[in-house]
Amino acid sequence: MIHSLLLGLIQGLTEFLPVSSSGHLALAQNFLGWKEPALAFDIALHCATMLATLVYFRKDVMELGGQWFSGLTKRENRRKPGWTVGWAMIAGTVLTVAIGLPLKPLVERLSTSVFAVGVALVFTGGLLWVASRLPRGTGSVTVLGGATIGLAQGLAVIPGISRSGSTIVAGLGLKLSSEEAFRFSFLLSLPAILGASILELADFTTSGMPSGWFLGVLVAGLSGYWALSLLRKVVTLGRWRGLSVYCVILGLVAVFLGR
């Protein structure tokens with residue numbers, strides 16, 4: 001049960017905070033001797049964090065989604081923000097798949113290398129430090145911007161590179177407002193998490209769940225929701241440096257131990 005709770009906590013916190021959930025899980029497996037969670041449990045954890053995202057952004061999902069669908073039939077509704085955001089998400093998802101899928105064999109090899117994960121975490125730390133120095137923008141997402149952020153999300157499948165950090169920093173670099181970069185990053189994560197879960201289902205061979213799996217899933221969802229609230233404050237206030245230092249220190253320790 002304790003193992004399930006810890007996995008749920010790590011998944012919930014690091015899935016959203018820009019410190020790389022895949023990197024933390026890879027290091028935990030290597031340093032603590034943890035086995036990779038049962039496929040059914042892994043899917044359940046991802047579904048929990050996806051549900052936390054849907055609940056947190058429920059108003060945006062309903063409003064922007066409604067605007068996009070209405071724009072399919074009514075030309076005048078294509079002037080609303082949801083029309084552009086919807087197409088930006090589609091463009092970003094296409095780029096994510098185009099980049100992420102071919103990298104899957106490489107990702108599987110790198111996830112077993114403590115040294116490689118450490119290098120990627122140091123890179124994430126540097127990226128977050130850059131974010132702390134970027135001027136605040138006021139722009140809104142565009143289709144081209146969505147594709148660019150999707151490219152960053154595709155590259156973030158590499159263990160140790162933070163998905164949320166990469167996409168938010170990409171948005172800030174495109175002069176998006178802090179709130180817009182934060183929102184679009186996690187709206188774009190929804191089809192990515194759903195797609196990853198579907199791919200895992202394709203290899204599903206067992207329904208075995210560890211002891212206390214339900215509590216682990218619950219902890220993942222609740223801690224994920226809390227992490228989203230915390231990250232929103234980090235992004236809007238521009239307080240990236242603490243997370244940057246954390247990633248660099250953890251990365252350097254991994255690099256040293258993985259030589």
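The values are calculated or read from the model by the stated rules, or taken from the named source; none is laboratory data. This is a predicted model, so every value here is computed, not measured. Virtual Cβ from ideal backbone geometry, glycine too; neighbours counted across all protein chains shown. Remember, those area values only see protein heavy atoms, side chains included, never the ligands or the DNA or RNA. Shrake-Rupley method; radii C 1.70, N 1.55, O 1.52, S 1.80 Å.
Points worth noting:
- Candidate set: the range 233-259, residues that are open to solvent by 70 Å² or more (accessible area, probe 1.4 Å) and touching a Phe, Trp or Tyr at 6+ places or on another chain (Cβ under 7 Å); chosen: the one nearest to Ala170 (Cα to Cα): Arg241
- For the range 62-116, a residue qualifies if it is of a type in the set (Asp, Glu) and either at pLDDT 95 or above or surrounded by 12 or more Cβ atoms within 10 Å (Cβ to Cβ) (or both), and exactly one does: Glu63.
- Within the range 212-229, no residue that is free of Cβ contacts under 8 Å to residues at least 12 places away in the same chain sits with its Cβ atom under 7 Å from a residue that is surrounded by 23 or more Cβ atoms within 10 Å (Cβ to Cβ) and assigned to a helix (DSSP H, G or I) at 6+ positions apart or across chains.
- Matching residues in the range 117-146 - criterion: being among the aliphatic types (A, V, I, L, M), open to solvent by 20 Å² or more (accessible area, probe 1.4 Å) and over 23 Å from Ser244 (Cα atoms): Val143, Leu144
- Top-ranked residue of the range 43-61 - restricted to ones that are of a type in the set (Val, Ile, Thr) and modelled with pLDDT under 90, ranked as most open to solvent (accessible area, probe 1.4 Å): Ile43
- Meets criteria (touching a residue at least 40 places away in the same chain (Cβ under 8 Å) and within 29 Å of Val253 (Cα to Cα)) for Pro159: yes
- Condition check for Thr14: modelled with pLDDT of 80 or more, in a helix (DSSP H, G or I), farther than 25 Å from Val119 by Cα and open to solvent by less than 40 Å² (accessible area, probe 1.4 Å): no
- Any chance Ala38 is surrounded by 15 or more Cβ atoms within 10 Å (Cβ to Cβ), among the small types (Gly, Ala, Ser), on the phi < 0 side of the Ramachandran plot and at pLDDT below 80: yes
- Unique match (being over 22 Å from Val255 (Cβ atoms), at pLDDT 95 or above and under 19 Å from the mean Cα position of the chain (by Cα)) among Ala147, Ala196: Ala147
- Listed by first and then second residue, the pairs with beta-carbon distance under 7 Å, at least 6 apart or on different chains, first residue in the range 119-130 and farther than 13 Å from Val169 by Cα, second part of a helix (DSSP H, G or I) and not hydrophobic (A, V, I, L, M, F, W, C), are Val119/Gly251; Ala120/Gly23; Leu121/Gly23; Leu121/Gly251; Val122/Gly251.
- Candidate set from the range 148-166 (those that are touching a Gly at 6+ places or on another chain (Cβ under 7 Å) and open to solvent by less than 20 Å² (accessible area, probe 1.4 Å)); member that is farthest from Pro191 (Cα to Cα): Gly160
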